[in-house]
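Heads up: the structure comes next, in C-alpha cells.
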Amino acid sequence: MEELTVDATVENIARVTSFVEEELEKYDCPVKAQMQIAVAIDELFGNIAHYAYNPDIGPATVRVEVSGEPLAVIITFIDNGVPYDPLAKADPDISLGAQEREFGGLGIFMVKKSMDEIAYEYKDGQNILRIKKRI
Amino acid sequence: MKITKTVNGSSLCLALEGRLDTTTAPEFEAALKASVDGITELTIDMKLLDYLSSAGLRILLGAQKTMNKQGSMRVIHVNDMIQEIFEVTGFADILTVEA
C-alpha cells in the first residue's frame, strides 16, 4: 500500500493523480480504467478541495492498494473536514435538456457508474471514501 | 491542456488536447468566453482529448446554452471513453456529438 498526504487543494489534484498513476503503471492497467480512475480522482479529491475545509485549507490522505483476484485497485480518500457523505445525494435527473439541467451531483454520479464499488464512512472525525475498480 | 483556436468567418473551432478536468476547465471556459461573440457555428474537436470530468461537462453545457441562442454547436472526434461519459450523464442527448 502507498500513501500520500497533501493539502486538499485543486492545485494538488494533478499530484494525487500522478501518485496513483505511478502505482497503476506497475500493473498492466487498461488505459480506459486508468482514465476512469483519473476522472474519479478529479471528482472526489476536487470535492474535498472545494468543500472539506472551506474557506480554510486542510490535509487529505490518499491511499492506493492493488490486490486481489481478479486484480483491483482500491483508493481511499481521507480528510478531517466537515462530515459529508457524497453517496447520500440523490442521483441527478439525466433526462433533462440543456436549459433545465441542474449540475449538482453529476461528478459523484459519474464515479458511481464507472467504479465497481464505492463506500463512505465517517469515523473518528474523518471522512473516509473508498473506491474499488477491477483492472 | 492545450487549446487550438481556428476562426473562419462566424465559425469557430476549439481543438482540445490533454485532460479537461477541474484544473483545466477554467482555461477552456476562458477561451470560449473570449471568442464566442458573433459565432454561429461552434465546433469542439476532442480528437486529442484524453478524457473529461464533470468540470468539463459543466463548461460544455454552458457553451451549448450560449449556442442555442446564437447558432449551433457540435462536438467531434469523441473517443470511446468520452462517448461513454456523454451517454451515462445524458449529455449524448443534450449535445450534438459526432465520432
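Read-outs: derived from the displayed coordinates by stated rules, not from any lab. Small disclaimer: the values here were computed from a predicted structure and weren't measured. Every residue, glycine among them, receives a Cβ derived from its backbone with ideal geometry; neighbour counts consider all protein chains shown.
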Residues of segment B:1-52 being hydroxyl-bearing (Ser, Thr, Tyr) and closer than 26 Å to residue A:47 by Cβ, which ones? B:22, B:23, B:24, B:51
How many residues does segment A:83-103 hold that are more than 10 Å from chain B (Cβ to nearest Cβ) and either under 16 Å from the mean Cα position of the chain (by Cα) or surrounded by 11 or more Cβ atoms within 10 Å (Cβ to Cβ) (or both)? 8
Please count how many residues of segment A:106-135 are in contact with a helix residue (DSSP H, G or I) (Cβ under 7 Å, 6 or more places away or on another chain) and of a type in the set (Gly, Ala, Ser). 2
Cβ pairs under 9 Å, 6+ apart, first in segment A:71-84 and free of Cβ contacts under 8 Å to residues at least 60 places away in the same chain, second part of a loop (DSSP other than H, G, I, E, B) and hydroxyl-bearing (Ser, Thr, Tyr): A:80/A:53; A:82/A:53
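Counting just the residues of segment B:1-51 that are among the acidic types (Asp, Glu) and in contact (Cβ under 8 Å) with a residue 12 or more places away in the chain, which one comes out nearest to residue A:31 (Cα to Cα)? Don't jump to the end; show me each part of the working.
Looking only at segment B:1-51, we keep the residues that are among the acidic types (Asp, Glu), and these are B:17, B:21, B:27, B:29, B:37, B:41, B:45, B:50.
With in contact (Cβ under 8 Å) with a residue 12 or more places away in the chain added as a condition, the list becomes B:17, B:21, B:27, B:29, B:41, B:45, B:50.
On the way: B:17: 17, B:21: 17, B:27: 25, B:29: 27, B:41: 33, B:45: 21, B:50: 10 Å.
Looking at residues that are among the acidic types (Asp, Glu) and in contact (Cβ under 8 Å) with a residue 12 or more places away in the chain, I get B:50.
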Flag if residue A:41 is under 17 Å from residue A:15 (Cβ atoms) and part of a loop (DSSP other than H, G, I, E, B): no
In segment B:33-51, which residue that is within 12 Å of residue B:17 (Cβ to Cβ) and either touching a Phe, Trp or Tyr at 6+ places or on another chain (Cβ under 8 Å) or among the acidic types (Asp, Glu) (or both) is farthest from the other protein chains (Cβ to nearest Cβ)? B:45
Does residue A:65 satisfy the criteria of being over 27 Å from residue A:103 (Cα atoms), surrounded by fewer than 17 Cβ atoms within 10 Å (Cβ to Cβ) and of a type in the set (D, E, K, R)? yes
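Report, by residue number, each residue of segment A:29-48 that is more than 8 Å from chain B (Cβ to nearest Cβ) and in contact (Cβ under 8 Å) with a residue 12 or more places away in the chain. Walk me through how you get there before you give the answer.
Taking segment A:29-48 and keeping what is more than 8 Å from chain B (Cβ to nearest Cβ), we get A:29-31, A:33-34, A:37, A:40-41, A:44-45, A:47-48.
Matches in segment A:29-48: A:29, A:30, A:33, A:34, A:37, A:40, A:41, A:44, A:45, A:47, A:48.
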Under the condition of being within 14 Å of another protein chain (Cβ to nearest Cβ) and basic (Lys, Arg), which residue from segment A:104-135 is surrounded by the most Cβ atoms within 10 Å (Cβ to Cβ)? A:133
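Filter segment A:122-133 for residues that are farther than 19 Å from residue A:73 by Cβ and assigned to a strand (DSSP E or B) and give the result.
The initial filter retains those residues of segment A:122-133 that are farther than 19 Å from residue A:73 by Cβ, namely A:122-127.
Within segment A:122-133, A:122, A:123, A:126, A:127 meet the criteria.
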